[in-house]
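Derivation of every value follows stated rules applied to the coordinates shown; laboratory data play no part. Since this is a predicted model, take the numbers as computed values, not measurements. In this analysis, Cβ positions are derived from the backbone assuming ideal geometry, glycine residues included, and neighbour counts consider all displayed protein chains.
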Protein chains: 4
Amino acid sequence: IDEIGIGMLGYAFMGKAHSNAFRKISYMTWPPPLRPRLVAIAGRNEEAVAGAAQRYGYERWTTDWRDIVSDPAIGLFDNGGPNSLHAEPTIAAAEAGKHVVCEKPLGRSADESHAIWQRVAATGVKHLCAFNYRFVPAVRLAREMIEAGELGEIRHFRGRYLQDWGDDPTLDSWRFHADEAGSGALGDLGAHVIDLARFLVGEISTVSALMRTFLAGRQVDDAVEAAVEFEHGAVGTIECTRLALGRRNAFQWEINGSKGSLAFDMERLNELQVFRADGDRARGFKTVLVSEADHPFWDFWWPPGHIIGWGETFVHEIHHLLRAIADDGDVAPYGATFEDGYRAAEVCDAIVRSSESGTRETITYR
Amino acid sequence: IDEIGIGMLGYAFMGKAHSNAFRKISYMTWPPPLRPRLVAIAGRNEEAVAGAAQRYGYERWTTDWRDIVSDPAIGLFDNGGPNSLHAEPTIAAAEAGKHVVCEKPLGRSADESHAIWQRVAATGVKHLCAFNYRFVPAVRLAREMIEAGELGEIRHFRGRYLQDWGDDPTLDSWRFHADEAGSGALGDLGAHVIDLARFLVGEISTVSALMRTFLAGRQVDDAVEAAVEFEHGAVGTIECTRLALGRRNAFQWEINGSKGSLAFDMERLNELQVFRADGDRARGFKTVLVSEADHPFWDFWWPPGHIIGWGETFVHEIHHLLRAIADDGDVAPYGATFEDGYRAAEVCDAIVRSSESGTRETITYR
Amino acid sequence: IDEIGIGMLGYAFMGKAHSNAFRKISYMTWPPPLRPRLVAIAGRNEEAVAGAAQRYGYERWTTDWRDIVSDPAIGLFDNGGPNSLHAEPTIAAAEAGKHVVCEKPLGRSADESHAIWQRVAATGVKHLCAFNYRFVPAVRLAREMIEAGELGEIRHFRGRYLQDWGDDPTLDSWRFHADEAGSGALGDLGAHVIDLARFLVGEISTVSALMRTFLAGRQVDDAVEAAVEFEHGAVGTIECTRLALGRRNAFQWEINGSKGSLAFDMERLNELQVFRADGDRARGFKTVLVSEADHPFWDFWWPPGHIIGWGETFVHEIHHLLRAIADDGDVAPYGATFEDGYRAAEVCDAIVRSSESGTRETITYR
Amino acid sequence: IDEIGIGMLGYAFMGKAHSNAFRKISYMTWPPPLRPRLVAIAGRNEEAVAGAAQRYGYERWTTDWRDIVSDPAIGLFDNGGPNSLHAEPTIAAAEAGKHVVCEKPLGRSADESHAIWQRVAATGVKHLCAFNYRFVPAVRLAREMIEAGELGEIRHFRGRYLQDWGDDPTLDSWRFHADEAGSGALGDLGAHVIDLARFLVGEISTVSALMRTFLAGRQVDDAVEAAVEFEHGAVGTIECTRLALGRRNAFQWEINGSKGSLAFDMERLNELQVFRADGDRARGFKTVLVSEADHPFWDFWWPPGHIIGWGETFVHEIHHLLRAIADDGDVAPYGATFEDGYRAAEVCDAIVRSSESGTRETITYR
């Protein structure tokens, strides 16, 4: 099994999640497509990045991301830094010939995202935008069912990502700084909803949206509400908020088609609700525990019913990317490429425009 | 206990639901405010209306509603007919001095609804628009908790009324005829969502909406999607559809405030989900079975945990109206008056306008 | 439609539930098999029974049940009195030629229950022991599925009836007096579990049980725990308690067979959980809302998804009895006869014996 | 951070689960009490054990467990082999001065378990019987709430471990061989129920039980049903089965006390149902997502609401043992010692005796 050198930017939440994935891939997915070698980690705070290097087993650390993108030992650059640090390092790494994974949202705007995508795509490296929820087994199962026509023609998508940690005026983080984050709930949570809407249903054609900041003085949006149309005729809603008390990580969605329906909640991410219009007198939604031997990603794990956690979505995601690198295969359509990152950003921009203009905005891609 | 003569227009779904309520009030609510005497029932089909009279115990039947509105034995006129038959008989009854209850939507448009309200209000009779879901114990409990400040400042309302019976191109009923119904899912289901949004959160100030008819040849909308703003700052969504396979009567709503959250599903109408931000280490939504002795309407019924059905909402609603009649009290704010019926219609009209214009529409009341 | 005169003993909880059923049958089940005429109601407290007569519409009232059993206007005697008043009035009514319905448990012991059954059966009247939970639509659907072989061979029954109102040492009622009640949770709640176990799975052959009284000074049991075997090979548990805080009316059961499983909770009585081992990749329990047009008893009620309440089980039950009376048909097997009442009592007695002896007790029927 | 050499016996299900835990502890629990060094793995099949060594990163492999127990580089011996291989290697390792962890059930009988405990305890090493479900955050939270008196006096424990993989007559594994496994569902699943009953409620004093083998020719039990008494007065049931179709890993338990109740299901292991009798008008069970910063084990993981999986229970468990080793602290009471393994075996033996004798069996400990 060949090695691939990993260079990581960021040591906080996403640094932990991605580092864990790199380490688990070596033995949980067997045989792994490539064996990650944790070469270097970069971050702004020297003490913190040094501690992270020791903790996760990176061979070295640096406070200058430029050290990583130029390191020949590194084959994959993973950008888990703040949104404002997505463009430059990611492009530099790709132009230095490294494959790249970048956290979502890809950029702080459609313009920035488009530039990242174009610059990186031109290099020919593999690129993945870390919409990790595509790699929840229940989400992939949903995609497979829809692709197989089991839901028929899709009529509705209702997606909402509800959290409640934002209800604290004393909070400070780059996530509340407009220049670093670009937006608030929109890019943080709404982008996930948009990506799964595109992944499961198809392109969004229009949005009629409004954004709201509830806490005085906050630079970014706390919540987004949108009515949406899809290219193939479905309609629905996209919502996100950091102020839904009691909802910790409730990314909930429901899809209704002409043959059945699906529903999901990230707080119970091992379960998929499935309704089939099959004429059974016992009619209702099934609670499917997506943990069978023939379910997506399950060959990595345990016997049926022994559930996995949120952290494993990154194992699946990075595994997918390593497989594409090892086999020179495609990241799309099951992984989100930078094009997907850009497209989500176009929808986010349309939401901002609609919120400001009060008109239904049509999404067009460049 | 005084009697009140009832004249009923309509013998189908709503005729059954209301007739059942009139009969149960006499012994389940004790002592009843007034004892309903089922004087007459009117309907277009002679055989059907005669059968209904026999079944529900009306003393006589007629195919001409004018027979009812002029009958001195009748003190309360109940209009459970198609939407196109709401205005004329209801106004005539009120002008003949009868108290009136009318099914929702009050009229087929804001104009018609406004006229009904104004004409009826001018007579001084009691009027109730049958938004029966205000009379679900869990909904009333939610209202009481919000009024008492237990949720703090409201930030979000998410309401959706999902059914699936509309997915049949062979269906025919007045509900699909634009002239009789006025609209499709909007007036049938959306009006309920709008009424509870107003009942629980407050006036809606803007809507950004779209409507969709999925089945070719259908005259009315199958689904509505809207992002909404409330006067006091909350934002959210209002949705309804007759094409959500697997959802039979899923009127679901969630409210998030600065101190807590509530959630509800009509398919489990005895339950209210309650989250309180009270610092308890055991943090989460409670599944409250709204059937305690001190819960709304529960003195009429059974010991705790012995749930009631959808039909009982009409018992509570009509009881409320009879109490207002008997005591010369107010139908508002716990019952929906014709003003509430009119206000819901203004929101419905704004949704239609927004769907057509693609712009965020502001709601103004006359 | 012929009338049948009703004589009711008891005006409290069961008096209310049964009286409501008699009144609703006349118009909710259409056409009713017979039209109940509420002739007389008997009870010990004169003021209370007079009030009940007025409330529920009985033509007359009495404090002496003997007045009822001899009244030629009465065709059906309904015994909703305390357990100690089941035997004598019920037998007297039957011997006077009246059909009889008696609340459960039939008697305070197998001996007493056997005597009631034998004496009443000898008269040839129709007799029904009011195990009303057989008449929950979801329970009947379960029975139909099992009869049709959809679960295959039954291997497990787990039934528990959990309430929490017993946790109050100041409570006083006939239900805590050993002479009036016979037993505590056992006859009140456990008998229901036993009846549904027999209804759905078959005869119980052995019990290994223990009973417990938690509150000092209480004459009757608060809780029962039993491991049970069924004649056809299934095994499981039967439990009941009045001291499960937070459970108001949680009669929960689960059945596992060789082809599927079913699960149920009375607090959500409109729902049946259904698992089919049908090879579907989307594998799980369905939450079936038992409210479809082709579901048991549903032709009496509303469109799908518009749920019914606990009180309606009595409508179904009494309707079933009236149909048997009208058509000279059988109460069994869908209704519980006095033989079923007796058989449940044999199991209860075996539980008492096992609790005392510490040995597995075999149930034999006389 | 000091290293500790690990010697692992077994490479299948438990070998994978434990190896994963050893690897994750080094970076997920930070700083780890000791850093596991994967020295050697032993197993019967050479090809399989060699593959496992490569996969999980053990420095060497062997087909003879004696190679491990004598290796001075090994400080902790982990026995994940079949039940028949628990005694000899575990005792040998302890007598060679290695700390030991042994999968449950500790032995195939109370006699064997007692011997393992006594022999190992005499050496003074740390010993842990791998009842990993004590290390589910929700289970530990339950224990903490009960210890703090939040449930008051415990009255009921209802525990059942339901799986369905046993319904296949072609299955073959050591788990179905009486000599290797000792028992079937009893030791595999029932032992877990017994351990949590002891962990949460206290010692079991009597059992009234029956066991059943449904599939012809199978040497071990498929299911166990038992009514139980606890020393401090609680009563309840213990059940387990491998034949509950639709239940994949449904280890469900409920505890009722004089102040509140708790309920749990391993298929949703991140959730604890909590009822408090606190007089709140909004009365009901809370669904607590046990993932808050102040919840057990959560400092190792993610932000609230980002759930963990079944596999992480082993991370917590091994971490607990390494902490005890590093600090020379106690494994008890939060970890299960070999004494706990023995005590569970006494209850298992009493269940077997009761099933055979048909009498209530009293549990006494040596």
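Structure summary
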read-out	value
Cubic angstrom per residue, convex hull over Cα atoms of the range D:101-168	170 Å³
Teacher prompt: A:Ala122 distances to equivalent labels in other copies, 7 Å Cα→Cβ, nm	7.4, 7.8, 10.4
Coil-residue GluC sites (Glu not before Pro) of the range B:115-202, DSSP, other Cβ within 10 Å capped at 13	B:Glu153
Shape of the range B:183-244, Cα gyration tensor, a/c cut at 1.5	prolate
Among the listed pairs B:Lys16/B:Lys98; B:Lys16/C:Lys16; B:Lys126/C:Lys16, those beyond 29 Å (Cα-Cα)	B:Lys126/C:Lys16
For A:Thr63, inter-copy label distances in nm, listed shortest first [label point 7 Å out on the Cα-Cβ vector]	5.7, 9.3, 9.5
Volume per residue of the C-alpha convex hull in the range C:43-122, rounded to whole Å³	81 Å³
For the range C:114-166 versus the range C:187-247, the gap between their alpha-carbon centres in whole angstrom	14 Å
Volume in Å³ per residue [convex hull over Cα atoms, computed for the range A:210-325]	197 Å³
Kirkwood Rh (inverse of mean 1/r, distinct Cα pairs), the range A:290-348, angstrom	13.2 Å
Gained length - C:Ala178 relative to C:Asp328, 0.36 nm times residue gap less alpha-carbon distance	50.2 nm
Residues C:Phe176, D:Phe13, B:Phe135 arranged by fewest to most Cβ contacts within 10 Å	D:Phe13, C:Phe176, B:Phe135
Directionally averaged projected area (convex hull, Cα atoms, the range C:1-53), nm²	3.4 nm²
Ratio of the Cα radius of gyration of chain A to 2.2 N^0.38 Å, where N counts its residues	0.97
Computed over the range C:6-94, Kirkwood Rh from alpha-carbon pairs, angstrom	12.9 Å
Sequence of C:Met8, A:Met14, D:Met266 once ranked by neighbouring C-beta atoms within 10 Å, starting from the fewest	A:Met14, D:Met266, C:Met8
Kyte-Doolittle at least -1.0, axis length at least 24 Å by Cα - qualifying DSSP helices, chain B	B:338-357
P(r) tail fraction, the range C:70-220 - alpha-carbon pairs more than 29 Å apart, %	28 percent
D:Arg143, C:Arg268 arranged by Cβ crowding within 10 Å, fewest neighbours leading	D:Arg143, C:Arg268
Shielding by other protein chains, D:53-65, mean Cβ within 10 Å	1
A from D by rotation - nearest chain D beta carbon to the axis, in Å	D:Gly309, 2
Prolate/oblate/rounded call for the range D:1-160, Cα gyration tensor, a/c under 1.5 rounded	prolate
Prolate/oblate/rounded call for the range B:122-201, Cα gyration tensor, a/c under 1.5 rounded	oblate
Three semi-axes of the equivalent ellipsoid, the range A:142-292, Cα gyration tensor, whole Å, largest first	32, 17, 12
Per-bin percent of Cα-Cα distances, the range D:260-366 [5 Å]	2, 10, 12, 13, 14, 15, 14, 11, 7, 2, 0
Taking only Cα atoms of the protein assembly as shown, radius of gyration then Dmax in Å	33.7, 104
Potential lengthening between D:Asp294 and D:Thr362 on full extension [0.36 nm per residue; Cα-Cα distance subtracted]	20.5 nm
Shortest-first nm distances, C:Trp174 label point to equivalent points in other copies (7 Å, Cα→Cβ)	5.1, 6.3, 7.5
